[in-house]
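Reading through the C-alpha cells given below for one structure.
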Amino acid sequence: MYSIDSLVFTNCEFEGLSKLAGNRTVAALPFWGKYRMIDFPLSNLAWNEITTIGIITPYKYRSIIDHVGSGKPWGLDRKIGGLHILPGTVWGYSNANSRFILKDIENNKIFLDRSSADYVLITAANTVSAVDYADLVKHHHDSKADMTIVYKVAESNNEYMSEVRMSKDKVTSMHHGVKKGQPMFLDCFVINRRTLYNLLKYYKAINFMDLFDILGSEFNKMDVRAYEYEDYSYSIFTEKQYFDANMDLLCEEKYAKLMLEGRTILTKQHDHMPTKFVEGCEVKRSIVQDGSLIEGAVENSIISSNVIIERGAKVTNSIIFQGCVIEAGAKVDHAIIDRRNVVNKRVSIKGTKGNPFVMGKAQK
C-alpha cells in the first residue's frame, strides 16, 4: 500500500481580491457565511484519510492560523502525522499565475524529509471543489506516472487559469489562460516524492519561479498524466468570482454537487445562539447562519453569524460578513459587506451582478 503527504499552498495574493484579502490570506476568506476557503481542501483530505498535511502560510498568517489551530475539526490533532504550519517566503505573490513557488517547497523540505511517503498531493486553497483525492492518488499510482494533475472542462473563458494540452491522458504542455470548452488545470496535483526531490535539486537556482512555469520545458521529459474532475468547482481570483461562487450555492443543484452526502465540509466550530427571526421579518431564498437577529427583509442573500438586520432594512442579492449591522431603513443590493461594518439608517448601497459593490473590513 502506498502513503501520501499533502501540501496546501496559501502563500499567494490576487489583486482582484485586494479589498477582501487586504488583511487576510485568500485561504482564510469566509465562504457561504460559515466556512473558510481552506476548509474545502482540508475536508477533502480528511475524508480521504490523508492526515499528514503541511500548510504553507503567507506573511499575513494570523487569520489562517487562528482558523485551523491544531487541526482538530479535520481530525488532524494527532501524534503521528497531523497538521503542520509551514512558513512561506516573506512576501506574498500578486501574480495570479503564481500558485506553487518552488522556493516555498525548498524552504520546507524538512517536512518532506521527516516522512517516507510515496507521493505528495499539492493543492492551492482558492478553489471550492469536492475532488476525490483517494481516487486521484489511485489513478496516479496505477498509471505509474511521475505526476498527475487535476483538470476539468472550462465552462467559461478564464484568464487566471491554465489550459492543459494532452495527447490522450498524457500532458504535453500548459498555457496561461483558458477558453470555454478547453481542459483547465484545477491547481491540484499529485507527484512522486522522488520526482519532487529531483525538481528541487535541478532547479534550485531558479526556485523563485512557479513550478509549472519551470515544467514548461520538462513535459517531454516527464510522464505527466491528467485526471478529469467533472463535478462542481469554482476558482476564485476576483471579487466578482467570489460573489458568483457564493451565490451559486443558493442553487440546490449546485449545492448538492459540492456538499456531497456523507462528506460534510468540516470547519472550526463556534458557539452561537440560534438566529432570531422577529415577527414581521421576511426571508426568501437565503442562508442565515447562527447568532443573528433578523427584523427586516432578506432575499437571495448569504448572512453570516452575529449579523443584525433591523426592522425596515432590506438586503437583496448580497453577502454580509460576521458582526455587521444593517440599520433601519438601509438598503443593500448586489454587495459584499465585510466584517463589523455598520450600514447606517436609510443609506442605500447598490452594486450590479457584473460589478458587486465591496465594502472592506471595518477598522477597529
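Throughout, read-outs are computed from the coordinates displayed, never taken from laboratory work. Just so it is clear, the model here is predicted, and its values are computed rather than measured. Glycine also receives a Cβ, built like all others from the backbone with ideal geometry; neighbour counts cover every protein chain displayed.
How about region 261-295: which of its residues are of a type in the set (A, V, I, L, M), part of a loop (DSSP other than H, G, I, E, B) and surrounded by 15 or more Cβ atoms within 10 Å (Cβ to Cβ)?
Within region 261-295, the subset of a type in the set (A, V, I, L, M) is 265-266, 273, 278, 283, 287-288, 293-294.
If we keep only those that are part of a loop (DSSP other than H, G, I, E, B) too, we end up with 265-266, 273, 278.
Within region 261-295, 265, 266 meet the criteria.
Which ranges mark the helices (runs of 4 or more DSSP H) fully within region 1-115 that have 1 or more residues being surrounded by fewer than 22 Cβ atoms within 10 Å (Cβ to Cβ) and within 17 Å of the chain's Cα centre (by Cα)?
39-47, 62-68
Only residues in region 178-198 that are farther than 12 Å from residue 121 by Cα count as the first member; pair them with residues that are surrounded by 20 or more Cβ atoms within 10 Å (Cβ to Cβ) and of a type in the set (D, E, K, R), Cβ under 7 angstrom, at least 6 apart or cross-chain, and list the lot.
What qualifies is 184/152; 186/152.
I want to confirm something. Restricting to region 296-320 and keeping residues that are outside any loop (DSSP other than H, G, I, E, B) and crowded, with 24+ Cβ neighbours inside 10 Å, which single residue is farthest from the chain's Cα centre (by Cα)?
The extreme case among them is 309.
For the condition touching a helix residue (DSSP H, G or I) at 6+ places or on another chain (Cβ under 7 Å) and of a type in the set (A, V, I, L, M, F, W, C), what is the one hit in 326, 319, 349, 337?
One residue alone meets the criteria, 319.
Scanning region 326-364 for residues that are β-branched (Val, Ile, Thr) and within 22 Å of residue 290 (Cβ to Cβ), which turns out surrounded by the most Cβ atoms within 10 Å (Cβ to Cβ)? Walk me through how you get there before you give the answer.
Here is the first cut: in region 326-364, the ones β-branched (Val, Ile, Thr) are 326, 332, 336-337, 342-343, 347, 349, 352, 358.
Going one step further and asking which of them are within 22 Å of residue 290 (Cβ to Cβ), we end up with 326, 332, 336-337, 342-343.
On the way: 326: 31, 332: 28, 336: 23, 337: 26, 342: 15, 343: 24.
Once the filter is applied, the top-ranked residue is 326.
Looking at 179, 201, can you tell me which residue is among the basic types (Lys, Arg) and farther than 30 Å from residue 356 by Cα? Let's see the steps before the verdict.
Values: 179 fails: farther than 30 Å from residue 356 by Cα.
Residue meeting the stated conditions: 201.
The conditions are (1) surrounded by fewer than 20 Cβ atoms within 10 Å (Cβ to Cβ); (2) touching a Pro at 6+ places or on another chain (Cβ under 7 Å), and residue 323 fails exactly one of them. Which is it?
(2)
Restricting to region 135-152, name every residue that is more than 19 Å from the chain's Cα centre (by Cα) and either surrounded by fewer than 19 Cβ atoms within 10 Å (Cβ to Cβ) or hydrophobic (A, V, I, L, M, F, W, C) (or both).
135, 137, 138, 141, 142, 143, 144, 145, 147
Keeping to region 307-339, report how many residues are out of contact with any strand residue (DSSP E or B) (no Cβ under 6 Å at 6 or more places or on another chain), over 16 Å from residue 360 (Cα atoms) and basic (Lys, Arg).
Final tally of qualifying residues: 1.
So, restricting to strands (runs of 3 or more DSSP E) that lie completely within region 167-238, which ones have at least 3 residues that are out of contact with any strand residue (DSSP E or B) (no Cβ under 7 Å at 6 or more places or on another chain) and farther than 18 Å from residue 108 by Cβ?
Fully inside region 167-238 and qualifying: nothing.
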